[in-house]
Amino acid sequence: MTGSTLPAELALPTGLVLTVLGAALLYRAAPNQALRPGKPAARGIFWAGWGATLLGLLDLLTWSGPATSVFIWLTALMLVWSLLPLAAAWRAGDRKAPK
């Protein structure tokens with residue numbers, strides 16, 4: 001935990017926020033995403049997503065050991081990549097429902 005300029009109590013929340021933001025950006029950059037169908041994402045969104053997820057992992061590594069950090073990081077990625085498509089499909093279904 002040496003060399004970190006971020007206080008230890010902020011490392012976990014910051015790492016999780018960066019990871020969740022990066023995962024959402026990576027999902028948005030996918031060609032078959034349901035957030036904005038028909039609108040391709042800019043190339044920078046893909047690289048910003050990877051950058052945010054990797055910064056989140058590095059931040060988590062300053063908070064705990066490597067195995068715990070990678071577990072937290074992968075769990076956050078899976079959570080976002082599981083719930084975001086469901087939320088996008090639910091929102092799209094609401095728009096298509098008859099009124």
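The set of residues in segment 26-47 that are more than 14 Å from Ala87 (Cα to Cα) and in a helix (DSSP H, G or I) comprises Leu26, Ala29, Arg43, Gly44, Ile45, Phe46, Trp47. Evaluate segment 1-11: report whether one residue or more is in contact with a helix residue (DSSP H, G or I) (Cβ under 7 Å, 6 or more places away or on another chain) and either at pLDDT 85 or above or part of a helix (DSSP H, G or I) (or both). Yes, there is a match, as at least one residue in segment 1-11 is in contact with a helix residue (DSSP H, G or I) (Cβ under 7 Å, 6 or more places away or on another chain) and either at pLDDT 85 or above or part of a helix (DSSP H, G or I) (or both).
For segment 31-44, the criterion of being of a type outside the set (A, V, I, L, M), under 30 Å from Pro7 (Cβ atoms) and either surrounded by 15 or more Cβ atoms within 10 Å (Cβ to Cβ) or touching a residue at least 12 places away in the same chain (Cβ under 8 Å) (or both) is met by no residue.
The values are calculated or read from the model by the stated rules, or taken from the named source; none is laboratory data. The structure presented is a predicted model; accordingly, all values stated were derived computationally and were not measured. All Cβ positions, even for glycine, are placed from backbone atoms using ideal geometry, and neighbour counts span all protein chains on display.
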